[in-house]
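First up is the structure itself, then whatever we jot down about it.
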Amino acid sequence: MSPALIAALPFIGALFPGLMIRVGRNACAVMAGFFSLMALVGLGLHIPAILRDEVVTAQINWMPALGLNANFFIDGLGLLFAGLILGIGLLIIVYARFYLSERDPMGQFYTYLMLFQGAMVGIVLSDNILLLLVFWELTSLSSFLLIGYWKHLPEGRQGARMALAVTGGGGLAMIAGMLILGHIAGSYDLTIILQSREAIQSSPLYLPALILILAGCFTKSAQFPFHFWLPHAMAAPTPVSAYLHSATMVKAGIFLMARMWPVLAGTPEWFWIVTSAGLITMVMAAKIAFFKDDLKALLAFSTVSHLGLITMLLGFGTKAAATVAVFHIINHATFKAALFMCAGIVDHEAHTRDIKRLGGLRRLMPVTFIITTIAGLSMAGIAPLNGYLSKEMMLEQAAHTAPWVIPLLVVIGATFSVAYSFRLIAHTFLGAERNDYPHHPHDPGFGMWSSPALLATLVVLIGLMPMTFAGWLVDAAAGAVTGAAVHAHIVHWHGAHSPALWMSVFAVGGGLVLLGLHGSLDRIWLATPRPEAKRIFDAVIEGLAALFARVTEALHGGSLGRYLWITVATLLAVGWYAFRSGSHLPGTRALQPIEPVAAVGWMSLMIASLAIAVLHRQRLLTLILVGVVGLVVSVGFAYLSAPDLALTQISVEVATVILMLLSLNFLPKVTPIESTSLRRVGDAAIAGVGGLAVGGLIYALMTRDFAFPTIADYHLANAKTLGGGTNVVNVILVDFRGYDTFGEITVLGIAATLIFALTETLLRPGPANDRLRTWTGDTQDAGDRHPLMMVVATRIMLPIALMVGIYIFLRGHNVPGGGFIAGLVVAITLVMQYMASGFGWTEARQRIDYHGLIGAGVLVAAATGVGSWLAGRPFMTSNYGYFRIWPLEEFELATAALFDLGVFLTVLGAVMLALSSLTRIAVRAGQTINVEAYDMEDKFEPAAVKEDR
Amino acid sequence: MELLVASSVGLMTAVGIYLILRMRSFPVIVGLTMISYACNVFIFASGRIVAGLPPILSKTATGYTDPVPQALVLTAIVISFGMTAVLVMMALGAFFEAGDDRIDLKADTARDSAE
């Protein structure tokens, strides 16, 4: 099975639980298990090849330009981790089926779990560090969902948030580190990076890259000083804790350190950072674990401690130590997952996991007792279980590592490790039976204890026959970590001269003594004040939140004026900086002469614009002045060789002014003076500077020649030959850049639909609707609402205007015109009918739905584009030909005209929908609807015809 | 001629900026309209200006102006109408919901929405 498929299977599996939960909880679990099993089997098929030292690869080019390829590979290390992730994942799926209660949404749980599983498998099989980062972030997100699965528990939510903040933050650091690494190696493919040891370690960027990557690893693997999130993540359901915190999530950091070991390890920096972090974590967490009363918290800190141990071993940087680290990864996953599941069983049955309320369970829960004892003794490192084997090897390694403080601290850590393991067994299961358990406990059904039992069996088997059950896997994985052939020699007896033996004996003895003294030590522990990580974390987060709330409030505290001011000021400042940091010469392009008519137009535009600024409080007058400005702009377009723009601008101008007039019908007619004169002066100043800047910029642009050859020549040369039209602007719109135009009419359609939706919201019951219903206009109605002259004129004009529209549409390909302008012209004609003859009269004759027009327009345009596929050409390639139908002269037909028809329909529909929406609001506000065209005021019965919805 | 176009663009921008800094929705909409005029002319003028040479191919033409900015501005004009219409609608909606056409939130509402 392809490695890519193995990584994909859990993701595919994540789709099913949500659906299968409708069939039943068993079906849901079976479906999740099926995909895990398939992936596990697929992985298993590669074992023989990997044992032959082959590497199984799969390459999919994803974004080669970015160096991001979906490359996967399986080597010994990948096999080990993927096996743990999928294997223990499968056991967790079985366990969770029986653990979760009826009230828990199981479909969600399995979906999250499968997502998480897929992300983890993705990490360990990625052959591209960018891809690995994607999966890395996915584990942070999916573990957030899993830890916060019990949404009703505040601890769950807070724990999830803390885990996301810490691991996500570390992930960000790691992204930077990985990018540096890829930069040094010149490739983002892991296999290539792994061969660039010399280049990477001699680079001056080695240390920053190392620190950033280790920040990612340490946060994920809960190493000091980032260890504090893990215990809080224990608010998750136990299956999650057992999965995330024994075999997967927290092992991701370990995995990455092992994966990067060949290129990063072996330097003094690596040794000191990694070893000391691991060592401190190991000792400190072991001590805390000893004093924890919550079974899961005890296990959580013991996990932190064991991860510290593995980190330390990797930090040593020797081949032998790395081999031990790999072996301990296997052992820890087996016994710790079993212990977590047993803790969950105790919690499930006794309804508490507080050790101080437990004790004497061995007769009540014999099966759980046996499993916990086996796994717990392995955790303590008691012969002949698997934990013993790797602990002895670890002590052996530590004993031979300078300085002397390392072996000393390791022994202290091991002593505490023995102590808390014994305490877990003794204080939960041994001692006298009690009669005050919150719930009378007994062993659960087979389904629930089968998973931990299987793991406990593995603990014993690996312990008794390590070479048979784990030796080959250790060899393969350690070989992949160190990049050299490894033949691990795992034995039970290292001889009486071995320092490890005596260290171990001391640890066991010391552990027993500590356990005996637990009562008094615990009192001292409780009496000593110690920093509470959660309180510090919360305070930091709260401080940050308050700080940024203040920043946000300062930037945009609800005042549009203020943030527009900030935006404009920032733009000006940046522009000023850009201007100052460049050199400038006067423009050399010859200026165009100023003709008198142009000067007159300019004068009127300047006066109108200034008048708008001065008189903007009188809104109707402002609108008229805006109309003047728009008119001059369109005349200017016509004068400066842009007839299409002139036609578009003038028709849009009409539609805009009508629209604003309709809205002004409701809005206040004057703007009151509210700002201080100081503010107005300030605003005027910044506006003046902005105007100068923009005007200066365009003047500078116009007085210089093009810096690069323009693409205009191509369009001019090919408009006729390729697009079949002589109006180059129109050919660009419907042919060369047809795809852009298609996007633009879609946007226009969306805008119109948005307007419609806004109108619907306004007309729904609510304060706005109430205000509309009781609306009394603040201006007097015209006595003659539908003047006879205007009605007659518009009726006569309608067919003429429509014909003009069609004419403009048809000629558009060759001379000024086209779909945009035709659509606007026709829309204005129709609006004039509304204005002259009234809403009711026009609506009754309006048989085409505007939404339909918009949709039809976009579809027609799209269909034209798709049509060129049928002719075997790329999307939106146009075609044209010349035809002659008697008695007409020869004329041209182009598919682009069909596209332009789509533009026409969309523009028409959009403008009409926008304007008629305003009309609907007017009707709700009590505007009367006329049935006959020229109803006089006195013929209305206003109340009866109010639109009621 | 260039000076006339540049000064027009500059003044329209200045008036636009001044109006969008006002406190009622209507001047803001008018201000945005002015800024869109200025933007459209700006983009159009970036193709350099010339009179009497429209980009309509013919045998008698002595030359053509740059058609590409024209095509860009043509759609921009239509889209800016669409956007103005949306803004007008939102302003009307806000006016009916709140009873006035102020665009700034009152101090207490601002704090509520920030939380």
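The values are calculated or read from the model by the stated rules, or taken from the named source; none is laboratory data. Computed from a predicted structure; not experimentally measured. Heads up, the Cβs are rebuilt from the backbone with ideal geometry, glycines too, and the neighbour counts pull from every protein chain shown. Heads up: the accessible areas ignore ligands, DNA and RNA and are worked out on the full protein's heavy atoms, side chains in. Shrake-Rupley method; radii C 1.70, N 1.55, O 1.52, S 1.80 Å.
Residue count for segment A:1-30 under the criterion of being free of Cβ contacts under 8 Å to residues at least 24 places away in the same chain, aliphatic (A, V, I, L, M) and open to solvent by less than 70 Å² (accessible area, probe 1.4 Å): the result is 2.
Which of the residues belonging to segment A:154-171 are in contact (Cβ under 8 Å) with a residue 40 or more places away in the chain and either open to solvent by 60 Å² or more (accessible area, probe 1.4 Å) or more than 21 Å from A:F116 (Cα to Cα) (or both)?
Here is the first cut: in segment A:154-171, the residues in contact (Cβ under 8 Å) with a residue 40 or more places away in the chain are A:155-156, A:158-160, A:162-163, A:165-167, A:169-171.
A:E155, A:Q158, listed by residue number.
Annotation for segment A:785-801: no member residue is within 46 Å of the chain's Cα centre (by Cα), charged (D, E, K, R) and part of a helix (DSSP H, G or I). Residues that are within 8 Å of another protein chain (Cβ to nearest Cβ) and outside any loop (DSSP other than H, G, I, E, B) within segment A:604-622 comprise A:L605, A:M606, A:S609, A:L610, A:I612, A:A613, A:R619, A:T622, listed in sequence order. Of all the criteria given as (1) crowded, with 16+ Cβ neighbours inside 10 Å; (2) facing another protein chain (nearest Cβ under 7 Å), the one not satisfied by A:P767 is (1). The one condition from (1) over 12 Å from the mean Cα position of the chain (by Cα); (2) in contact (Cβ under 8 Å) with a residue 12 or more places away in the chain; (3) open to solvent by 10 Å² or more (accessible area, probe 1.4 Å); (4) more than 14 Å from A:G688 (Cβ to Cβ) that B:L4 does not meet is (2).
Checked against (1) more than 10 Å from every other protein chain (Cβ to nearest Cβ); (2) touching a residue at least 12 places away in the same chain (Cβ under 8 Å); (3) surrounded by 13 or more Cβ atoms within 10 Å (Cβ to Cβ); (4) not polar (S, T, N, Q), A:P586 passes all but condition (3).
The criterion of at least 2 residues that are over 47 Å from the mean Cα position of the chain (by Cα) and surrounded by 15 or more Cβ atoms within 10 Å (Cβ to Cβ) is met by the following helices (runs of 4 or more DSSP H) wholly inside segment A:452-570: A:499-516, A:518-527. Per the conditions (1) open to solvent by 10 Å² or more (accessible area, probe 1.4 Å); (2) closer than 16 Å to A:G278 by Cα, the sole criterion not satisfied by A:T352 is (2). Just so you know, in segment B:32-70 the residues that are in contact (Cβ under 8 Å) with a residue 24 or more places away in the chain and more than 7 Å from chain A (Cβ to nearest Cβ) include one that is nearest to A:I711 (Cα to Cα), and it is B:P69. Where helices (runs of 4 or more DSSP H) fall entirely within segment A:227-305, those with at least 1 residues that are surrounded by fewer than 24 Cβ atoms within 10 Å (Cβ to Cβ) are at A:229-232, A:249-264, A:268-291.
Taking the criterion of being facing chain A (nearest Cβ under 7 Å) and either touching a residue at least 12 places away in the same chain (Cβ under 8 Å) or not in a helix (DSSP H, G or I) (or both), the residues of segment B:12-21 that qualify are B:M12, B:T13, B:V15, B:I17, B:Y18, B:L19, B:I20, B:L21.
Answer yes or no: is there a residue in segment A:803-814 that is within 17 Å of A:N730 (Cβ to Cβ), hydrophobic (A, V, I, L, M, F, W, C), outside any loop (DSSP other than H, G, I, E, B) and open to solvent by less than 10 Å² (accessible area, probe 1.4 Å). No: zero hits.
Would you pick out the residues in segment A:89-129 that are among the small types (G, A, S) and open to solvent by 20 Å² or more (accessible area, probe 1.4 Å)? Once the filter is applied, which keeps residues that are among the small types (G, A, S) and open to solvent by 20 Å² or more (accessible area, probe 1.4 Å), segment A:89-129 yields only A:S101. Here segment A:571-592 is the region considered, the condition is being over 22 Å from B:A45 (Cβ atoms) and assigned to a loop (DSSP other than H, G, I, E, B), and the residue that is nearest to the chain's Cα centre (by Cα) is A:S581.
Only one of these is more than 30 Å from A:R771 (Cα to Cα), in the same structural domain as A:N769 (by TED's automatic domain parsing) and at pLDDT 90 or above: A:F904, A:F899, A:F891, A:F875. Name it. None of the others qualify; the one that does is A:F904.
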